[in-house]
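Mind looking over this structure? Questions follow.
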Ligand code: COA
């Protein structure tokens, strides 16, 4: 377990806070393992009614740790990042995200699998996979064109254009955009705690129904993306781009 993930319990709410400010909350293998474990525990713990995932009021996460990508790239579905994302996909309880500042790479992708997403208006979201010689991951190549149409999704996924929290809410990637990171977190907490007064079995079944119809297709796409992503990580294009970030100073 790593200190860079803080787990807090407040009544029926489990909060997973990413806390690695010196590296803009970039996620390492140890951090994914911790998140994966906490999500799995939350899913089976009858006392937990909802899970909140957040960063700080300055930064959600700068995505996968780029040094980790170069030194220990994920190679299969047992890798910590896959375990975390599969646990997120399978979580039967509501997962709520509170986002402020940068949400890059998987920091944006993971939002597509949360139930409620509260962002600060000036949050900066971006999926620069192609820019890094990589490709979309964890279903984003399916979900974003379905949500936005191919032409808008292409701007985000092929060009790696960034967008604001306000745009994310207007496009349906986020539930609501609020005036500050603190306001986004307060709203996310308030809405997460609402689940305490709702019948948990009805919530569980309803979430399952909402996720149900596309599940098989999503699984297939995630496998295909995963295989290509892990290949891309070892490609000369990706190694050059990732090394360029590490050696930029
Ligand atoms: N992996 C590893 N380290 C990262 C990182 C990442 N994804 N993102 C930021 N960092 C580190 C920087 O290297 C820097 O470390 P240093 O102080 O030891 O040099 C530190 O975090 C601060 O980052 P910096 O870029 O100076 O902060 P900023 O406020 O100017 O910009 C971001 C913040 C998030 C916009 C910028 O860091 C960024 O674009 N990061 C890369 C994100 C990315 O491409 N992620 C996708 C991975 S698929």
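Only one of 2, 28 is within 16 Å of the ligand (Cβ to nearest atom) and modelled with pLDDT under 95; which?
2
Report the residue count in the stretch 83-110 for those that are assigned to a helix (DSSP H, G or I), more than 14 Å from the ligand (Cβ to nearest atom) and either under 18 Å from residue 180 (Cα atoms) or in contact with a helix residue (DSSP H, G or I) (Cβ under 7 Å, 6 or more places away or on another chain) (or both).
Residues meeting the conditions: 5.
Give 159, 125 a once-over and let me know the one that is assigned to a strand (DSSP E or B), within 16 Å of the ligand (Cβ to nearest atom) and more than 30 Å from residue 198 (Cα to Cα).
125
Looking at (1) more than 14 Å from the ligand (Cβ to nearest atom); (2) surrounded by fewer than 19 Cβ atoms within 10 Å (Cβ to Cβ), can you tell me which one residue 169 breaks?
Among (1) more than 14 Å from the ligand (Cβ to nearest atom); (2) surrounded by fewer than 19 Cβ atoms within 10 Å (Cβ to Cβ), residue 169 violates only (2).
Okay, next question. Examine the stretch 47-56 for a residue that is more than 14 Å from the chain's Cα centre (by Cα) and within 16 Å of the ligand (Cβ to nearest atom), and state whether such a residue exists.
Yes, the stretch 47-56 contains a residue that is more than 14 Å from the chain's Cα centre (by Cα) and within 16 Å of the ligand (Cβ to nearest atom).
The values are calculated or read from the model by the stated rules, or taken from the named source; none is laboratory data. Just so you know, these numbers come straight off a predicted model, no measurement behind them. Don't worry about glycine lacking a Cβ; one is built from the backbone with ideal geometry, like all the others, and counts go over all protein chains shown.
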